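Visitor: Can you keep this structure in mind? I'll have questions shortly.
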Amino acid sequence: MTYNSIQEILDICQNNKIPFWRVVLETDMRERAVCETESFETMRKMYRAMCEADSNYDKSLKSESGMTGGDGEKLHIYNMSGKNLCGEYVSLAMEKAVKMSESNACMRRIVAAPTAGACGVIPAVLLSYQELYHTEENKMVEAMFVSAGIGNVIAMNAYIAGASGGCQAEIGSASAMAAGALAYLEGGSNRQMANAMSFALKNMLGLVCDPVCGLVEVPCVKRNSAGAVNAIASAQLAMAGIESAIKPDDVIDAMRRIGNSMPSELKETGQGGLAATESAEKIRKAIEL
Amino acid sequence: MSIFDIIGPVMVGPSSSHTAGAVRIGLVARRLLDEDIRSAEILLYGSFLATGKGHGTQKALVAGLLGMKPDDYRIPDSIKIAEERGMAVSFGEAALKEAHPNTAQIKLVGVTGKELEVIGESLGGSRINIAQIDGIETNFSGDNPTLIVHNLDQPGHVSEVTSMLAHKSVNVAAMQLYRSSRGGRAVMVVECDQEIPADGLKWLERIEGVLKVTYLGKNEGDK
């Protein structure tokens, strides 16, 4: 039993009466020739590395270019002021997404998930959930397997790198991975997890990778918070029982085709979109990297 | 692809290709030299050259040359650490044609005077390819135990290497042969599923016509 599509994971779940996360774990055991404990504990290490990176956020850090730093703290202060717009969970997720992404830009240790540029999305959604609902760590690790399985299928059938498929492949994939994991934490069915993943990726289709000066900073840091919010919104749609009209594997297929037709200026070359604006040009001159 | 290529690696930011991949190129270069480095000339090409500074690519390459892995907290301070350890580092622009966009050419001199030139490419997601060693084309990632044999281009050397591996019960995952010219210098790159025991490597070194044996073990690696 090896999967190449979301549908194949769902079929294996049904035929073997095992949960989604366990299909991903058992495939990993076979492919890397490791036992269940080793696979599970490796994923736990990844989860704990995310927690460590989150708690190591340093509000005083600035990136080499000077474009990034301190915004996570601003969000934190606003959230603490008691008048935030988004409610407790979404607000905390946004704060964590920006903090993690800032840490990345400032050469701190993070977990690429699926990439360094999108490293804020999954921890934002998962860590905030655990913080607010005190979920057991094992359950969080299981949710990580759900997101890894989704990411694996996306990587096999489309892209996870901005240079290959634009930002839809980075923040879009991370958001889809987080949405599926969140539906799992909420007790969603396999079908609801697949729907959450579909909604999240559909909402991100077409997003280009146009970083200013080619650096993982503008607009990447804020896109991490958008990816986290989108994941939560998508899980909510799925948990309400809404069905995605487009099957998850078809959404992934669409992402690949859109990525293929994206011009290279919009795929991490720093030549098009936001990177080609007058504001970006001013920044480029000011920082003279 | 492993799920830990999707969730992971744990790395110092900001970029899996321009930072984590660069650390790995430096680390593989150091392990290929197999001794501490006296001086390193690092030449950058393409996107490494254009956006390397903002991505910490130079610091990352130096960190790898110092033996650090992509998750090492000290990566941002690597250039200072190199200075403290007496490793001379210089940077420049690589005069390459149509290379991979993320390429570094690294010229190393070890503490015993041993020299090595490596061209490494960062392929994205922290995966790398070593494209050249000492001017001869290669193609390997350093993910598996890798044996690199420099030899004279004459009959029998491939069979000597593979016999030794068979004797040590080491399975070959991939094997590539390159030569500069007929009868000139040749390079064999053998990626294996198991570690090669040290006595097997010693045996190879003593064979006539074998110029240099380099071995990249698995566990000192980063992934």
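The values are calculated or read from the model by the stated rules, or taken from the named source; none is laboratory data. Predicted model only: the values in this text are computed from it and were never measured. Cβ coordinates were reconstructed from backbone atoms using ideal geometry, including for glycine residues, and neighbour counts include every protein chain displayed.
Visitor: Could you list, in sequence order, all residues of region B:128-159 that are part of a strand (DSSP E or B) and farther than 19 Å from B:Gly200 by Cα?
Guide: Result: B:Ile128, B:Asn129, B:Ile130, B:Ala131, B:Gln132, B:Ile133, B:Ile136, B:Glu137, B:Thr138, B:Asn139, B:Phe140, B:Leu152.
Visitor: How many residues does region B:1-31 contain that are of a type outside the set (Asp, Glu) and surrounded by fewer than 22 Cβ atoms within 10 Å (Cβ to Cβ)?
Guide: 4
Visitor: Now, a different point. May I ask you to verify whether A:Asn84 is touching a helix residue (DSSP H, G or I) at 6+ places or on another chain (Cβ under 6 Å) and either charged (D, E, K, R) or more than 14 Å from chain B (Cβ to nearest Cβ) (or both)?
Guide: Considered against the rule, which asks whether it is touching a helix residue (DSSP H, G or I) at 6+ places or on another chain (Cβ under 6 Å) and either charged (D, E, K, R) or more than 14 Å from chain B (Cβ to nearest Cβ) (or both), A:Asn84 comes out as yes.
Visitor: Picking from B:Ala99, B:Ala104, B:Ala88, which residue would you name as being over 28 Å from A:Ile122 (Cβ atoms) and in contact (Cβ under 8 Å) with a residue 60 or more places away in the chain?
Guide: From the options B:Ala99, B:Ala104, B:Ala88, the qualifying one is B:Ala104.
Visitor: Further question on the same structure: So how many residues does region A:181-206 have that are in contact (Cβ under 8 Å) with a residue 40 or more places away in the chain and of a type in the set (Ser, Thr, Tyr)?
Guide: Residues meeting the conditions: 2.
Visitor: Listed residues B:Val187, B:Val170, B:Val161; which is of a type outside the set (Ser, Thr, Tyr), crowded, with 16+ Cβ neighbours inside 10 Å, outside the structural domain of B:Leu66 (by TED's automatic domain parsing) and within 22 Å of B:Ala104 (Cα to Cα)?
Guide: Checking each option against the conditions leaves just B:Val187.
Visitor: Output the number of residues of region A:242-276 satisfying the condition of being touching a residue at least 12 places away in the same chain (Cβ under 8 Å), away from chain B (no Cβ under 14 Å) and not in a helix (DSSP H, G or I).
Guide: Qualifying residue count for the region: 7.
Visitor: So for region A:215-233 (the condition being closer than 26 Å to B:Thr57 by Cα, in contact with a His (Cβ under 8 Å, 6 or more places away or on another chain) and not β-branched (Val, Ile, Thr)), does at least one residue qualify?
Guide: yes
Visitor: Separate question: Any residue that is at the interface with another protein chain (Cβ under 8 Å from one of its Cβ atoms), surrounded by fewer than 24 Cβ atoms within 10 Å (Cβ to Cβ) and either closer than 13 Å to A:Ala53 by Cα or at pLDDT 95 or above (or both) - is there at least one of those in region A:124-135?
Guide: Looking through region A:124-135, none of the residues is at the interface with another protein chain (Cβ under 8 Å from one of its Cβ atoms), surrounded by fewer than 24 Cβ atoms within 10 Å (Cβ to Cβ) and either closer than 13 Å to A:Ala53 by Cα or at pLDDT 95 or above (or both).
Visitor: Could you tell me whether region B:205-217 includes any residue that is touching an Asp or Glu at 6+ places or on another chain (Cβ under 9 Å), basic (Lys, Arg) and surrounded by fewer than 14 Cβ atoms within 10 Å (Cβ to Cβ)?
Guide: No, there is no match, as no residue in region B:205-217 is touching an Asp or Glu at 6+ places or on another chain (Cβ under 9 Å), basic (Lys, Arg) and surrounded by fewer than 14 Cβ atoms within 10 Å (Cβ to Cβ).
Visitor: Hey, does region B:100-119 have a residue that's under 27 Å from B:Val213 (Cβ atoms), surrounded by 20 or more Cβ atoms within 10 Å (Cβ to Cβ) and in contact with a Ser or Thr (Cβ under 7 Å, 6 or more places away or on another chain)?
Guide: yes
Visitor: Could you tell me how many of the residues in region A:277-289 are more than 14 Å from chain B (Cβ to nearest Cβ) and either of a type in the set (Val, Ile, Thr) or in contact with a His (Cβ under 8 Å, 6 or more places away or on another chain) (or both)?
Guide: The total comes to 1.
Visitor: Follow-up question, since we're still on this one. Of the residues in region A:212-227, how many are under 26 Å from A:Leu92 (Cβ atoms) and at the interface with chain B (Cβ under 9 Å from one of its Cβ atoms)?
Guide: Residues in region A:212-227 being under 26 Å from A:Leu92 (Cβ atoms) and at the interface with chain B (Cβ under 9 Å from one of its Cβ atoms): 3 in total.
Visitor: Only one of these conditions is not met by A:Val111: (1) in contact (Cβ under 8 Å) with a residue 12 or more places away in the chain; (2) more than 7 Å from chain B (Cβ to nearest Cβ). Which number is it?
Guide: (2)
Visitor: Further question on the same structure: Within region A:87-108, track down each residue that is within 11 Å of chain B (Cβ to nearest Cβ) and aliphatic (A, V, I, L, M).
Guide: The answer is A:Met100, A:Ala105, A:Met107.
Visitor: Let me ask something additional. Go through region A:168-192 and report how many residues are under 13 Å from the mean Cα position of the chain (by Cα) and away from every other protein chain (no Cβ under 13 Å).
Guide: Going through region A:168-192 one residue at a time, the tally reaches 6.
Visitor: Quick check: is even one residue across region B:13-34 at the interface with chain A (Cβ under 7 Å from one of its Cβ atoms), out of contact with any strand residue (DSSP E or B) (no Cβ under 7 Å at 6 or more places or on another chain) and free of Cβ contacts under 8 Å to residues at least 12 places away in the same chain?
Guide: no
Visitor: What's the number of the only condition in (1) in contact with a strand residue (DSSP E or B) (Cβ under 8 Å, 6 or more places away or on another chain); (2) in a loop (DSSP other than H, G, I, E, B); (3) of a type in the set (Ser, Thr, Tyr) that B:Tyr178 fails to meet?
Guide: (2)
Visitor: Which ones in region A:147-167 are over 17 Å from A:Ala97 (Cβ atoms), surrounded by 24 or more Cβ atoms within 10 Å (Cβ to Cβ) and more than 10 Å from every other protein chain (Cβ to nearest Cβ)?
Guide: Matches in region A:147-167: A:Ala158, A:Gly165, A:Gly166.
Visitor: With the checklist (1) within 18 Å of the chain's Cα centre (by Cα); (2) farther than 16 Å from A:Asn195 by Cα; (3) assigned to a helix (DSSP H, G or I) in hand, flag the one item A:Glu217 doesn't pass.
Guide: (3) is the only condition that A:Glu217 fails.
Visitor: Right, another one. Among the helices (runs of 4 or more DSSP H) lying completely within region A:16-109, list those that include at least 2 residues that are among the aromatic types (Phe, Trp, Tyr).
Guide: The qualifying helices (runs of 4 or more DSSP H) are A:20-32, A:36-55.
Visitor: Right, another one. Which ones in region A:8-55 are polar (S, T, N, Q) and within 17 Å of A:Glu142 (Cβ to Cβ)?
Guide: Selection gives A:Asn16, A:Thr27, A:Thr37, A:Ser39, A:Thr42.
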